[in-house]
Amino acid sequence: MKWILLVLAIAAVVFLQLKPSKVGVKRGDDGLYYKAGETNVYTGPGTVFHPNGTKAQEGQISEGKPTGPWKQWHANGQLHWEGNYKDGKQDGDWVQYDETGKQVEKFTYFDGVKQAPTDPTATQTPDKADSASAPAEAPEAKQEPKKE
């Protein structure tokens, strides 16, 4: 009986030491996705990981290009972006969240080109917005001339 308990204890320690390997996909210099360690473009479910091991991106990949619904996460695990790809280009509504999970921007893309914001309450910072979607500057306040 003691031998059985000893074998079970050793087996438990060994199995607890094993960690599932995370084999994801990587984006190459050409912008296409490849399975880690391979040279052929990848087709199938795609998951990219942050250096700390948390999930960075997830979606479907067809012939090396993202397609369909796609999500991206901050390194802390909070959702960062969610949207849709068509033929490897952003298409449709895309929503961005900050590291606390609060929505900060919402844009519509058509064939990879960012359109005007779809949410008038969404914020844009000048470094994130391109000239076509940058908010208009406030006009200078007009002052009445002083009467003496």
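Overview of results
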| item | result |
| --- | --- |
| Any hit, the stretch 96-119, residues being modelled with pLDDT under 80, out of contact with any Asp or Glu (no Cβ under 7 Å at 6 or more places or on another chain) and part of a loop (DSSP other than H, G, I, E, B) | yes |
| Members of the stretch 58-103 found to be hydrophobic (A, V, I, L, M, F, W, C) and closer than 17 Å to Thr47 by Cβ, listed by number | Ile61, Trp70, Trp73, Ala75, Leu79, Trp81 |
| Hits in the stretch 50-75 - residues which are among the β-branched types (Val, Ile, Thr) and under 18 Å from Gly28 (Cβ atoms) | Ile61, Thr67 |
| Every residue from the stretch 76-93 that is part of a strand (DSSP E or B), more than 18 Å from Val48 (Cα to Cα) and out of contact with any Lys or Arg (no Cβ under 7 Å at 6 or more places or on another chain) | Lys86, Gly92 |
| Selection status of Glu58, of a type in the set (D, E, K, R) and under 21 Å from Asp98 (Cβ atoms) | yes |
| Contacts under 6 angstrom Cβ, first residue in the stretch 75-91 being under 12 Å from Gln57 (Cβ atoms), partner part of a loop (DSSP other than H, G, I, E, B) and at pLDDT 95 or above, 6 or more apart | His80/His74 |
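The values are calculated or read from the model by the stated rules, or taken from the named source; none is laboratory data. Model, not experiment: these values are computed from the prediction. Note: ideal-geometry Cβ built from the backbone for every residue, glycine included; neighbour counts use all protein chains shown.
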